Amino acid sequence: MLAIEDVHVYYGAIHALQGISFQVNQGEIVTLIGSNGAGKSTSLKTISGLLRPKQGKIRFNGEELTGMPAQKIVGRGISQVPEGRRIFANMTVSENLDMGAYLRKDKPEIKKDLERIFAIFPRLRERKGQVAGTLSGGEQQMLAMGRALMSKPQLMLLDEPSMGLSPLLVKQIFDIIKDINAQGTTILLVEQNARMALSVATRAYVLETGKITLGGMAQELAASEDVRKAYLGA
Ligand code: ATP
């Protein structure tokens, strides 16, 4: 579904991604794990078109995305849930969700999807008239995910969904990620919480200072001595 080939990204003189290659197949949850500054967010921003690679190719369903504007990429079926949520703080929950569907014209389908999202996140239904900036951290994460789902993505890019949440909420959010995947959305997940990420993922890659150093089935990586020492605190 998604193929990243030898992608290089720079911030000025900083060579943030140094030739990364990986794939995401339809139906999978794939996770990129790695420590602070490894290039996880940069990878997602490059796929969603917010950053442009200096070299390399990104293909989605056989079509080349490299250099395509971010809005067009959303139209192709890729939606990002950014780090730190970035919801529209002054708008209500409902208005935020509507924004997620701004490229769609299939009104009856949009209504159905809104119902589906309220079924996944009952908390959002209860609070649909509330100004989003006053939601709790966990609720804001749910809203950011709900908004991304409103574009009806084939592939959802999730940047650090566990950030700043209590262990109980992290568990809830990861259960929801599994549900969303089971309902047909392919997921690329970036996480510092490697333990949680590996527990839900099909496959995983380890990113270290702009390079992919390891890749494989998530369960195998979770069992590997190197990964346990470096990322699972074992
Ligand atoms: P974290 O988990 O801490 O968010 P990350 O793996 O997502 O880390 P990135 O945010 O992708 O890491 O950053 C990769 C590298 O690029 C880091 O060295 C970072 O300092 C640098 N970088 C990121 N954004 C910028 C920017 N706007 N300008 C300059 N350098 C940047």
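A few points about this structure:
- Residue in the range 58-80 that is farther than 15 Å from Glu5 by Cα, within 16 Å of the ligand (Cβ to nearest atom) and touching a residue at least 60 places away in the same chain (Cβ under 8 Å) present: yes
- Residue list for the range 155-175, restricted to those being more than 16 Å from the ligand (Cβ to nearest atom) and assigned to a helix (DSSP H, G or I): Pro167, Leu168, Leu169, Lys171, Gln172, Ile173, Phe174, Asp175
- For the range 1-37, filtered to residues that are of a type in the set (Gly, Ala, Ser) and over 11 Å from Lys57 (Cα atoms), the residue that is farthest from the ligand (Cβ to nearest atom) is Gly27.
- Filter result (part of a helix (DSSP H, G or I) and touching a strand residue (DSSP E or B) at 6+ places or on another chain (Cβ under 7 Å)) within the range 59-101: Arg76
- Among the residues listed as Met163, Met142, the single one being surrounded by fewer than 22 Cβ atoms within 10 Å (Cβ to Cβ) and either among the acidic types (Asp, Glu) or more than 16 Å from Ser48 (Cβ to Cβ) (or both): Met163
- Pair list, Cβ under 9 Å, 6 or more apart: the range 38-51 residue at positive phi and within 9 Å of the ligand (Cβ to nearest atom), other residue outside any helix (DSSP H, G or I) and among the charged types (D, E, K, R): Gly39/Glu208; Gly39/Lys211
- Screening Lys111, Lys105 for residues that are out of contact with any helix residue (DSSP H, G or I) (no Cβ under 8 Å at 6 or more places or on another chain), exposed (fewer than 14 other Cβ atoms within 10 Å of the Cβ) and not in a helix (DSSP H, G or I) leaves exactly one candidate, Lys105.
No lab work stands behind these numbers, since they all come straight from the coordinates. Note that the structure is predicted; figures quoted are calculated from it, not measured. Note that each Cβ is placed from the backbone with ideal geometry, even for glycine, and that neighbours are counted across all protein chains shown.
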